Amino acid sequence: MVPEGWKKGVVEDIAEVSSGGTPSRKNDSYWLNGQIPWVTTAEVKFGVITSTEQKITEDGLKNSSAKLFPKDTVLIAMYGQGKTRGQVAKLGIEASTNQACAALQVNDGFEVDYYYQYLVSQYENIRDLANSGGQQNLSAAIIKGIHVPIPPLKEQKKIAQILSTWDKAITTTEQLLANSQHRKKALMQQLLTGKKRLLDENGVRFSGEWKTAHLGDICTVNPKKATEPEGSQVSFVGMDSVSEEARLIYTTTKHYNEVSKGFTSFKNGDVLVAKITPCFENGKGAYVYGLVNGIGFGSTEFHVLRATERSNSKYLYYLTNTAEFRIRGEANMQGSAGQKRVSTDYLKTFKVKIPPSVKEQAKVAELLWQVDKELSILEIKLEKLQQEKKALMQQLLTGKRRVKIES
């Protein structure tokens with residue numbers, strides 16, 4: 001049902017639809033020192049495109065089916081790997097595209113940002129329109145026939161303005177999150193190698209030479225199973241319970257006898273490291289805490305590290321999140337393709353740098369833990385903004401909720 005004052009239409013009613021092309025790769029003069037931005041579907045990712053990985057020359061543009069599209073052209077990926085098909089972007093610059101991008105130049109009398117937002121909201125529906133076949137592609141004809149609402153122009157502009165306010169808040173939060181992630185990475189490189197020393201509880205900078213040790217010398221790898229606690233309740237952690245940022249997302253409560261056989265055992269303060277590909281390479285793992293009765297069981301695809309008197313548990317956790325730990329582990333995996341695993345021996349013999357005192361380890365770990373808390377706050381804020389915008393889009397773009405237009 002169309003809201004009062006709105007009309008029904010299709011993309012062809014509100015925009016000119018075309019696509020680009022790819023200059024011959026055999027001719028260097030089409031690519032070498034090119035200055036014209038050339039968009040591929042890999043860059044069509046629900047945002048404004050302001051730069052491109054590849055560029056073509058004037059000769060490449062003239063001698064191919066590539067076209068130069070103006071700023072504010074809306075792009076839809078017609079085909080591509082994974083989730084690419086159906087994704088939408090808007091040009092923030094003048095650019096050319098390959099033939100896999102449908103380019104929508106919105107006609108005069110229509111608000112480009114309203115239709116950009118509407119097409120973004122229709123991602124799943126647009127994907128479902130794809131031709132059946134090996135790759136399930138969209139086509140220019142399918143794009144032209146996508147149903148769109150046509151509100152009065154003033155209403156289009158008002159809706160676009162409201163949604164752009166949310167986009168700005170989301171972009172700002174994304175930037176703050178990226179900055180915090182870069183800060184954490186830089187801190188880890190400095191603090192886990194001794195390049196930067198912190199102050200102790202007396203305000204004196206830690207000193208003393210750092211030592212190199214095997215991980216197995218400063219912690220227990222895959223310790224023995226915990227005994228049944230009073231009340232028999234324990235936590236369970238599956239592989240889907242930990243994130244690729246090595247965080248514990250959730251746990252479930254189980255009876256000890258349900259999980260005490262055939263699962264990996266751990267307790268509060270232990271460090272989990274996914275052992276199987278691709279979970280290990282993707283960063284899966286966690287520092288576990290808040291377990292029921294302090295005891296947990298989980299996937300057999302976890303290794304467990306437990307701190308000793310020579311180590312701080314959170315410091316161990318951050319050592320397992322370094323790029324070196326993951327890269328070397330991937331190179332030393334054992335087993336057949338698709339079933340490769342990081343061995344216990346790799347963990348025990350992995351060389352790490354450690355401060356001369358556990359107190360310094362704890363200080364380093366606590367600073368990184370605080371940075372992780374800041375990251376979590378920003379991630380929650382970002383998710384909330386995205387969900388709020390999604391709800392607004394569903395209401396505003398369809399006319400379920402009308403906006404006030406100033407006379």
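The values are calculated or read from the model by the stated rules, or taken from the named source; none is laboratory data. Everything numeric here is computed off the predicted structure, so don't read it as measured data. Reconstructed Cβ throughout: ideal geometry from the backbone, glycine too, with neighbour counts over all protein chains shown.
Select, from Glu374, Glu301, the only residue that is of a type outside the set (Ser, Thr, Tyr), surrounded by fewer than 16 Cβ atoms within 10 Å (Cβ to Cβ) and either at pLDDT 95 or above or assigned by TED's automatic domain parsing to the domain that holds Ser180 (or both). So that I can check it myself, show each step before the final result.
Values: Glu301 fails: surrounded by fewer than 16 Cβ atoms within 10 Å (Cβ to Cβ).
Unique residue meeting the criteria: Glu374.
From Gly285, Gly335, Gly296, grab the single residue that is within 26 Å of Lys225 (Cβ to Cβ) and either touching a residue at least 60 places away in the same chain (Cβ under 8 Å) or not small (Gly, Ala, Ser) (or both).
Values: Gly285 fails: either touching a residue at least 60 places away in the same chain (Cβ under 8 Å) or not small (Gly, Ala, Ser) (or both); Gly335 fails: either touching a residue at least 60 places away in the same chain (Cβ under 8 Å) or not small (Gly, Ala, Ser) (or both).
Among Gly285, Gly335, Gly296, only Gly296 is within 26 Å of Lys225 (Cβ to Cβ) and either touching a residue at least 60 places away in the same chain (Cβ under 8 Å) or not small (Gly, Ala, Ser) (or both).
Regarding region 330-346, can at least one residue be identified that is closer than 23 Å to Lys195 by Cβ, more than 25 Å from the chain's Cα centre (by Cα) and acidic (Asp, Glu)? First the steps, then the outcome.
Of region 330-346, the ones closer than 23 Å to Lys195 by Cβ are none.
Checking region 330-346: not a single residue is closer than 23 Å to Lys195 by Cβ, more than 25 Å from the chain's Cα centre (by Cα) and acidic (Asp, Glu).
Take Thr212 and tell me if it is under 23 Å from Gly283 (Cα atoms) and among the hydroxyl-bearing types (Ser, Thr, Tyr). Don't jump to the end; show me each part of the working.
Details: under 23 Å from Gly283 (Cα atoms): no; among the hydroxyl-bearing types (Ser, Thr, Tyr): yes.
Here the answer is no, as Thr212 does not meet what is asked.
Report, by residue number, each residue of region 32-65 that is hydroxyl-bearing (Ser, Thr, Tyr), over 16 Å from Ala100 (Cβ atoms) and surrounded by fewer than 16 Cβ atoms within 10 Å (Cβ to Cβ).
Quick first cut of region 32-65, residues hydroxyl-bearing (Ser, Thr, Tyr) only: 40-41, 50-52, 57, 64-65.
Next, only the ones that are over 16 Å from Ala100 (Cβ atoms) stay: 50-51, 57.
Across region 32-65, the qualifying residues are Thr50, Ser51.
Kindly evaluate Arg127 against the criterion of being surrounded by 22 or more Cβ atoms within 10 Å (Cβ to Cβ) and either assigned by TED's automatic domain parsing to the domain that holds Thr398 or modelled with pLDDT under 95 (or both).
Numbers: surrounded by 22 or more Cβ atoms within 10 Å (Cβ to Cβ): no; either assigned by TED's automatic domain parsing to the domain that holds Thr398 or modelled with pLDDT under 95 (or both): yes.
When the stated conditions are applied, Arg127 does not pass them.
Kindly state which strands (runs of 3 or more DSSP E) lie completely within region 1-80 and contain at least 2 residues that are outside the structural domain of Thr171 (by TED's automatic domain parsing) and farther than 24 Å from Glu155 by Cβ.
On the way: elements: 7-10, 15-19, 36-39, 54-56, 74-77.
Here the list reads 15-19, 36-39, 54-56, 74-77.
I'm trying to understand the selection: among the residues of region 233-272, which are in contact (Cβ under 8 Å) with a residue 12 or more places away in the chain, assigned to a loop (DSSP other than H, G, I, E, B) and loosely packed, with under 14 Cβ neighbours inside 10 Å?
Glu244, Gly262
Residues to consider are Ile276, Ile295, Ile327; find the one that is of a type in the set (A, V, I, L, M, F, W, C) and surrounded by fewer than 16 Cβ atoms within 10 Å (Cβ to Cβ). Let's see the steps before the verdict.
Numbers: Ile276 fails: surrounded by fewer than 16 Cβ atoms within 10 Å (Cβ to Cβ); Ile295 fails: surrounded by fewer than 16 Cβ atoms within 10 Å (Cβ to Cβ).
None of the others qualify; the one that does is Ile327.
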